[in-house]
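See below for the structure under consideration.
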Amino acid sequence: MTSEIVLRPATPDEIPALLALWARAAKGTSITDDEAGVAALLARDPECLIVAAPADDPGRPIGTVIAGWDGWRCHLYRLAVDPGHRRRGIGAALLEAAEERFTALGGRRIDAMVLDDNELGHRTWKAAGYRPEARWSRWVKPLTA
């Protein structure tokens, strides 16, 4: 199946389709899951949001991963594959593309945001060689304008 997909950077005009995909495919939501948040992400780093699309319909996103690089660390977010396209290697292909991006940028270690109760996601991450880091917890504080 992976030969039947194309991997490419997301474009600002497809933000509504990406948000719809995440609503269908991703477990949980984020405070930045809105048009303004994704637009700001793409404006800052136009290559960071990698999209998988069918080769015969390259404008239709069926999978995503955000491969964020801050110049020091490699961060993965929003690995999501449309439920109708799962178990075809798309998630693995997205992770491979993200890892290639990080290697080219000089990254040395990747961390990923994965919900504790996302059992389906855990299988994908483990199959790709990722493991939970028990020494760390995520601490958050939402910012208000």
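The values are calculated or read from the model by the stated rules, or taken from the named source; none is laboratory data. Every value quoted in this text rests on a predicted model; they were computed, and no experiment measured them. Positions of Cβ are backbone-derived with ideal geometry, glycine not excepted, and every protein chain shown enters the neighbour counts. Surface areas here come from the heavy atoms of the whole protein model, side chains and all, with no ligands, DNA or RNA. Shrake-Rupley method; radii C 1.70, N 1.55, O 1.52, S 1.80 Å.
Descriptive notes on the structure:
- Extension reserve of the ALA23-GLU35 stretch, reckoned as 0.36 nm per residue once the Cα distance is removed: 3.0 nm
- Beta bridges per DSSP with both ends in the range 43-145, % antiparallel, nearest 5: 75 percent
- Table column - 3J(HN,Hα) (Hz), the range 102-109, Karplus curve with 6.51, -1.76, 1.60, x for Gly and Pro: 5, 4, 5, 7, x, x, 10, 8
- Note on the chain: with neighbouring protein chains present and a 1.4 Å probe, carbon and sulfur make up 54 percent of its accessible heavy-atom surface.
- Sequence ranges 25-32, 4-11, ranked by mean other-Cβ count within 10 angstrom, highest first: 4-11, 25-32
- Within-10-Å neighbourhood charge of PHE102 [Cβ basis; K, R +1; D, E -1]: +2
- Whether the range 61-109 is rounded, prolate or oblate, judged on the alpha carbon gyration tensor where a/c under 1.5 counts as rounded: prolate
- Computed FRET value (nearest 0.05) for ARG8 with TRP136, which takes r as the C-beta separation and R₀ as 30 Å: 0.40
- Percentage relative contact order, the chain, counting C-alpha pairs under 8 Å, at least six apart: 22 percent
- Packing-based order for 122-132, 83-93, using average beta carbon neighbours within 10 Å, highest first: 83-93, 122-132
- Whole-number D in µm²/s for the chain (Stokes-Einstein; Kirkwood sum over Cα pairs; 4 °C, 1.567 mPa s): 83 µm²/s
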